[in-house]
Structures are given as structure tokens and as C-alpha cells.
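Written out below as C-alpha cells is the structure these notes cover.
The values are calculated or read from the model by the stated rules, or taken from the named source; none is laboratory data. The shown structure was predicted, so the numbers you read here are calculated from the model rather than taken from an experiment. So basically every Cβ, Gly included, is an ideal-geometry build from the backbone, and we count neighbours across all protein chains shown.
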Amino acid sequence: MSELHHYLELNDPVAMVWRKGNSQDPFTDRNDLLPVINGIITLLEIPSSQHKVHIDGMVEINQELYNQTSALLPEQFLVNYANGSIQFHPQHEGATFSCKYKGKGLILYPASRIYAMVRRHPDVVKTLQEIIDEAHTKLNDTHLAMDQVEQAIREAHDASAKASMAADWASQAAANATDAAHNASHAVDSTKLLFKPAVSDMKELLRTHLNPQVGWTVQTYKDGIRYRYDGKDWVPIDIFGKNIQLVNEHTDGLMSSSEHSKLKSIPLETKERVIVFCLPSYLFQGVQNIVARFPFKGEIVGIKAICGVPGDTDSEIIIEKSMNMKDWHNIMSRPVQLDAFSHYDDGQAVVDRATVYAGDCFRLHVVKQGLNIQNVTVEMIIKI
């Protein structure tokens, strides 16, 4: 459960709702899509400085580096982990960014400390709490007036209901008579059977009887089903000839012989399986969120990688394995490497823990992030 901290012993204190960051009360994964206003984005929660803030295609700098340069480059941003604000280069004004981070909690300010200029000349200033209180008062007055109007409407409705009740009784009597005649006609239409010559199948039935009438009944001798036209659709009502023989390579049955031969040609098992990790948009350093579970015992025989947009610098990726989703181990002695300006990996990845057991889980860990690399796909080939 998140902890609530109050600051300043006043009637309306500032409150901070913090998460503990442990397994019982973990930090929350956040992905805020926000615009840059006056060179700043204010996150919806306070970010964890331990897990950092990730923005695709950009690099975070620390306060010490910013103090030395006193300026940000277009691809840089500065995070204030005390209040959750992010500073950007002026050229990004008005742009929208997706900010990924671990949320620690919120800083809550009371309405009594937020003010607004209500009128100028003379200046009239009110707090947000005062405005809310006035709104509640006016709403209460409005509700009282609405209650009186609704009471008058109810009385008018009661009078109208009594006047129309006699007319409803007369209309109901006429409707009952009409329904009785309709039900009698419907009973005749729903039970009569007008038999027509049998056809081969449903296609021939629809082609032969273009303008059927209610009650027409036709049997398809290929499957023994008898259909009746109900005025809208041909509806199956029964089936004859349940002794249709089973299919074989030479004779049609419950399926055609060609379909039977095709079904038998499909292999029942394959030799290899592939786990595919797709990382859309920009690549970011660290453990990725995608986790894949493999249900068979086998051996890893190859790992390949490709990217839609190559990076300006090299990227390195390793694959980690776990049996319990808690303890993760690197299975590679040489990582998958995507060289700068290349769409494909260098083919030099080495796996030193190739054995896979049923139930093993796998995930990607980006140990080196190439600048501007996008849309990375990693394939792990497993022989079973």
C-alpha cells in the first residue's frame, strides 16, 4: 500500500503519496504522452531516479553536465527527479513525447492554496476552494428548483395517464383480435410442407429455386439433409441417409477424397521452433518488457537479429533465461551485435547455454543502445 506523507501542520497540508518500491508495493510502469510547453514537460507522477526516464531517440544528461554547458542539445533532456519536470531544447516547443519511467507517487496540493484572478479593476482574487464552495451552493439551489419543477411534471403526467388509460384498454382489445388472426395465419405458414424435386447440394438448390414460396421443401441427396423455406431462408429440418460412408483416397464421404489426401500430407511435427522478439519504435537500453515461454525441450541452434532503421552507433543485445521469472541468467558468451548503419547482425553471436527445458522463459537485455536504431527483431531458433 502506498504511504501518505503530510507536510506543514496546517488545516490543508500538502500531501505526498509514495510507493515503497518493494515487491509488496512496487513502483508503477508509466508511459506518459505529453506536449512540451515553455520548454518543459511535467510528468503525471514523480519518476524513480534509480530507473531513470526513457524517451525514444533522446539521451538524458545529469545536472552536473548541464551546469557545465548551461544549455541542452536538441537530442538531450534534463530530468528534475524532485518534482517530475523534464527540460528540453527550445526547438521541441509544442512537440509531444512518450516518456517511459517508474512512478514513485504523487504530490497533492490543497485547493485552498491554488488561486485565480476572478476580475481586474479592482482586482478580485479567490482560491480554488472558494470557487468550488460557491459552485456547490449554486448547485444546491438549482436542485431545489428542479425538484419543484419535477413535482409539477409528475402531477401533469398522472392526470394524462388516467385520461389515456381508457383509450389503451380499447386499443388492447382490438390488438388482441388482430394478434389472434395473425397467429392462426402464422401457424399455417410454419407447418405446411410443399415437397419439390431433390437436388444435389445447396448450390444447386439456390440455383434451381430462385423465387421460392413459404413451405417449399427440398432434399439434397449428397448429404441427405431436407430444407424448408420459411419465407426468408432455407432452414434444415431433418436428415436422411445417415449411413454415408467414411472418406478414403478413392471415394468421397464426410469430406472429399482430395481433402482427405491433402490432410494426410500435412506433417504432424516439425524439427525446429522459432521464438521472435519484436521491439517496435526506438530501442532503449536495459531489460525489455517482452517475455517468451518455450513449452518443449530442445537446443538453441541460432540467433539472428534485424532492424528496420539502422543505428548511427553499434548496438549489443543478450538473451537471458529463467525457470521461475525471478532468477535470470545470461545464456550468451558473445552478444548479438548490430553494427552502425547495418540492418543485420554481424553473425558472430555465441550461445554457451544452448540446452532448453520445457517451461524455460526468455527475455532480451539491451546492454548497448545504438543511437537512433529502430524496429529491432530478434529470432531464436530452437531444435526439438
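Suppose we filter LEU78, LEU72 for residues that are modelled with pLDDT under 95 and of a type in the set (A, V, I, L, M, F, W, C); which single one remains? Walk me through how you get there before you give the answer.
Numbers: LEU78 fails: modelled with pLDDT under 95.
Testing whether each residue is modelled with pLDDT under 95 and of a type in the set (A, V, I, L, M, F, W, C) leaves just LEU72.
If I ask for residues that are out of contact with any helix residue (DSSP H, G or I) (no Cβ under 9 Å at 6 or more places or on another chain) and outside any helix (DSSP H, G or I), which ones from the range 80-95 would you list?
In the first step, residues of the range 80-95 are kept if they are out of contact with any helix residue (DSSP H, G or I) (no Cβ under 9 Å at 6 or more places or on another chain); the result is 81-86, 88-95.
Passing the criteria: TYR81, ALA82, ASN83, GLY84, SER85, ILE86, PHE88, HIS89, GLU93, GLY94, ALA95.
Taking the residues in the range 37-60 that are of a type in the set (A, V, I, L, M, F, W, C) and closer than 17 Å to GLY286 by Cα as candidates, determine which candidate is surrounded by the fewest Cβ atoms within 10 Å (Cβ to Cβ).
VAL59
So which residues in the range 272-283 are surrounded by 15 or more Cβ atoms within 10 Å (Cβ to Cβ) and closer than 11 Å to VAL376 by Cβ? Don't jump to the end; show me each part of the working.
Filtering the range 272-283 for residues surrounded by 15 or more Cβ atoms within 10 Å (Cβ to Cβ) gives 273, 275, 277, 279, 282-283.
Across the range 272-283, the qualifying residues are PHE277, LEU279, TYR282, LEU283.
Quick one: what pairs do we get from the range 126-151, first residue without any contact (Cβ under 8 Å) to a residue 12 or more places away in the chain, second of a type outside the set (A, V, I, L, M), C-beta under 8 Å, 6+ apart or different chains?
So the pair list comes out as LYS126/TYR115.
Consider only pairs whose beta carbons are under 6 Å apart and that are at least six residues apart or on different chains; among these, list those whose first residue lies in the range 188-207 and is closer than 13 Å to VAL235 by Cα and whose second residue is of a type in the set (A, V, I, L, M, F, W, C).
LEU205/VAL199; LEU205/VAL218
I need a count of the residues in the range 102-120 that are assigned to a strand (DSSP E or B) and at pLDDT below 75.
Residues of the range 102-120 assigned to a strand (DSSP E or B): 102-108, 115-119.
With the extra rule that they be at pLDDT below 75, the set shrinks to 115-119.
Number satisfying all stated conditions: 5.
So, of the residues in the range 342-361 that are among the hydrophobic types (A, V, I, L, M, F, W, C) and in a loop (DSSP other than H, G, I, E, B), which turns out to be surrounded by the most Cβ atoms within 10 Å (Cβ to Cβ)?
Residue satisfying both the conditions and the ranking: ALA349.
Kindly list the number of the only condition in (1) part of a strand (DSSP E or B); (2) in contact with a Phe, Trp or Tyr (Cβ under 8 Å, 6 or more places away or on another chain); (3) assigned by TED's automatic domain parsing to the domain that holds PHE27; (4) on the phi < 0 side of the Ramachandran plot that fails for SER98.
Of (1) part of a strand (DSSP E or B); (2) in contact with a Phe, Trp or Tyr (Cβ under 8 Å, 6 or more places away or on another chain); (3) assigned by TED's automatic domain parsing to the domain that holds PHE27; (4) on the phi < 0 side of the Ramachandran plot, only one is false for SER98: (2).
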